[in-house]
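The values are calculated or read from the model by the stated rules, or taken from the named source; none is laboratory data. The model shown is predicted, which means the values in this text are computed figures rather than measured ones. In this analysis, Cβ positions are derived from the backbone assuming ideal geometry, glycine residues included, and neighbour counts consider all displayed protein chains. Ligands, DNA and RNA are excluded from the accessible area calculation, which covers all protein heavy atoms including side chains. Shrake-Rupley method; radii C 1.70, N 1.55, O 1.52, S 1.80 Å.
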Amino acid sequence: MRERTACGTCKARSLSPFLDLGMQPPANALLGPRELEREESRFPLVLGHCGSCGLIQLLHSVSPELLFRNYVYFSSVSGSMSKHFAAYAQEVADRFVPPGGLVVELGSNDGVLLRNLLGRPLRVLGVDPAENVAEVARERGVPTIASFFGERLADEIRAQHGAASVILANNVFAHVENLEDVMRGVDRLLDERGVFVLEVPYVVDFLGHLEFDTVYHEHLYYFGVRPLMTLFGRLGFEVFEVQRKSVHGGTIRVHVRRAGQGAPKGRPIDGSVAELAALEEEEGASDPARLLRFAGDVAALREKLCSLIGELHRDKRRVVGYGAAAKGNVLLNYCGLGPDRIEYLVDATPAKQGLFSPGMRIPIKGPDLGGDRPDYVLLLAWNHSAEIMEKEQAYRQAGGRFIVPIPRVEVV
Ligand code: TYD
């Protein structure tokens, strides 16, 4: 663990804290039954912001080897994410990839996006540090290198496959401490007129919907268009279009090209760039007073949720959690909700079943609400609310209730 003193994008040494979520284990470090005897490593989870460029970021970083080598997150488990990535893949291929062109995805996970391009007259290559996840992608026909991406790997890929027409990075850019090394790699690998497209959770949604549980050690940065423009501008790139998407509680898809080269040729910078930069200013995304209000609202949410669950416990109601998601583990640890309050978690990911949640050590099972009929289900994977509510219609019709914690505590 390392304390971070300089901003990840502008390098100013003016980071100050505004939200302390306590000492927490890595949110995806699920425990096997034998690991329950051991103490877990815990690291400070403190969010701060840069007084110079305004970027919200963690004030401590944990080794990527520890966080990403053996990963339990498989993107394809969620139907809505699979659909999102299918449409995304098609749009990018149609707009930016010439016949025979190469598409490289950084953090390609189980091939959830690239698999959609397999039938097309182009080439795909995934890069992901988690060997277990990369193997699933390969089985699906997506060639995948199990490694971290940086300048060196970029050179190797270019020597073997040539320049990339498109490089993608979805829900991974905020995970990387050394963004400059990644961007040097992008610079080496990207065709002169190539496009770098990334998706990151959007800071405006993060603040507006009180998504504090998306703060965990993997997520170093909470991006808006403004700090990204600063970063890319410094490294010889420019943002030319931004789209807002609803996944992961609110996301931006950011299109980047080499500055001044106008690739694709002649396309002007889209109005969306200035529009969203202005929105961030309006919403106070880097205003210390706004950030303190956010921290106050987070503390109030914890009070409300803990008192509701405490009451249900006194009334001898059975409560379980839905989704052994990283964000769920953050919420449970921050609120101190353990197996005495939340009997078990359900999750459809086979690799998570039979394990225990980090910190709170709640057992994880496959979903069977209909069979077991707990009284209440705490919806930890609230970003998949529509999909989960639909799957669990029968449970709800039989009188089962969901507690939705974010953006406000509600029983539905
Ligand atoms: P997600 O919110 O995507 O990720 P994060 O770990 O970044 O917070 O995780 C959702 C979890 O919920 C994931 O473990 C899969 C699980 N899930 C189900 O069990 N059933 C479902 O129907 C869906 C959509 C997700």
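Some points to look at:
- Of all residues in segment 352-390, those satisfying the criterion of being part of a helix (DSSP H, G or I) and within 12 Å of the ligand (Cβ to nearest atom) are LYS352, LEU369, TRP382, ASN383, HIS384, SER385, ALA386, GLU387, ILE388, MET389, GLU390.
- Among the residues of segment 52-88, those identified as out of contact with any Pro (no Cβ under 7 Å at 6 or more places or on another chain), within 16 Å of the ligand (Cβ to nearest atom) and in a helix (DSSP H, G or I) are SER75, SER76, VAL77, GLY79, SER80, MET81, SER82, LYS83, HIS84, PHE85, ALA86, TYR88.
- Any hit, segment 194-213, residues being away from the ligand (no atom under 16 Å from the Cβ), closer than 21 Å to PHE149 by Cα, open to solvent by 10 Å² or more (accessible area, probe 1.4 Å) and assigned to a helix (DSSP H, G or I): no
- Cβ-Cβ contacts under 8 Å between residues 6 or more apart (or on different chains), taken from a first residue in segment 232-248 that is touching a residue at least 12 places away in the same chain (Cβ under 8 Å) and among the β-branched types (Val, Ile, Thr) to a second residue that is more than 16 Å from the ligand (Cβ to nearest atom) and open to solvent by 40 Å² or more (accessible area, probe 1.4 Å), are listed as VAL239/MET229; VAL239/ILE269; VAL242/ASP270.
- One residue alone among SER165, SER147 is part of a loop (DSSP other than H, G, I, E, B), out of contact with any Ser or Thr (no Cβ under 6 Å at 6 or more places or on another chain), more than 15 Å from PHE74 (Cα to Cα) and in contact (Cβ under 8 Å) with a residue 12 or more places away in the chain, and that residue is SER147.
- Tally, over segment 1-26, of residues that are in contact with a helix residue (DSSP H, G or I) (Cβ under 6 Å, 6 or more places away or on another chain), within 18 Å of PRO64 (Cα to Cα) and either of a type in the set (Lys, Arg) or assigned to a strand (DSSP E or B) (or both): 1
- Pair list, Cβ < 7 Å and 6+ apart or interchain, from segment 81-95 residues that are under 15 Å from LYS245 (Cα atoms) to residues that are within 12 Å of the ligand (Cβ to nearest atom): MET81/SER75; MET81/VAL112; MET81/VAL247; SER82/SER76; SER82/VAL112; HIS84/VAL247; PHE85/VAL112
- Any chance GLU343 is in a helix (DSSP H, G or I) and without any contact (Cβ under 8 Å) to a residue 60 or more places away in the chain: no
- Filter result for ARG373 (of a type outside the set (A, V, I, L, M, F, W, C) and in contact (Cβ under 8 Å) with a residue 60 or more places away in the chain): no
- Entirely in segment 259-338, the helices (runs of 4 or more DSSP H) that have 1 or more residues that are acidic (Asp, Glu) and open to solvent by less than 40 Å² (accessible area, probe 1.4 Å): 271-282
- Identity of the residue in segment 90-113, surrounded by 24 or more Cβ atoms within 10 Å (Cβ to Cβ) and either aliphatic (A, V, I, L, M) or outside any loop (DSSP other than H, G, I, E, B) (or both), that ends up nearest to the ligand (Cβ to nearest atom): VAL112
- Any hit, segment 314-321, residues being of a type outside the set (S, T, N, Q), touching a helix residue (DSSP H, G or I) at 6+ places or on another chain (Cβ under 7 Å), within 20 Å of VAL411 (Cα to Cα) and within 16 Å of the ligand (Cβ to nearest atom): yes
- Residue in segment 122-132 that is assigned to a strand (DSSP E or B), among the β-branched types (Val, Ile, Thr) and modelled with pLDDT of 95 or more present: yes
- Considering residues of segment 214-231 that are open to solvent by less than 20 Å² (accessible area, probe 1.4 Å) and of a type in the set (A, V, I, L, M) only, the residue nearest to the ligand (Cβ to nearest atom): VAL215
- Any hit, segment 137-150, residues being within 16 Å of the ligand (Cβ to nearest atom) and either open to solvent by 70 Å² or more (accessible area, probe 1.4 Å) or closer than 20 Å to VAL197 by Cα (or both): no
- The set of residues from segment 339-351 being open to solvent by 20 Å² or more (accessible area, probe 1.4 Å) and near the ligand (Cβ under 10 Å from one of its atoms) comprises ALA348, ALA351.
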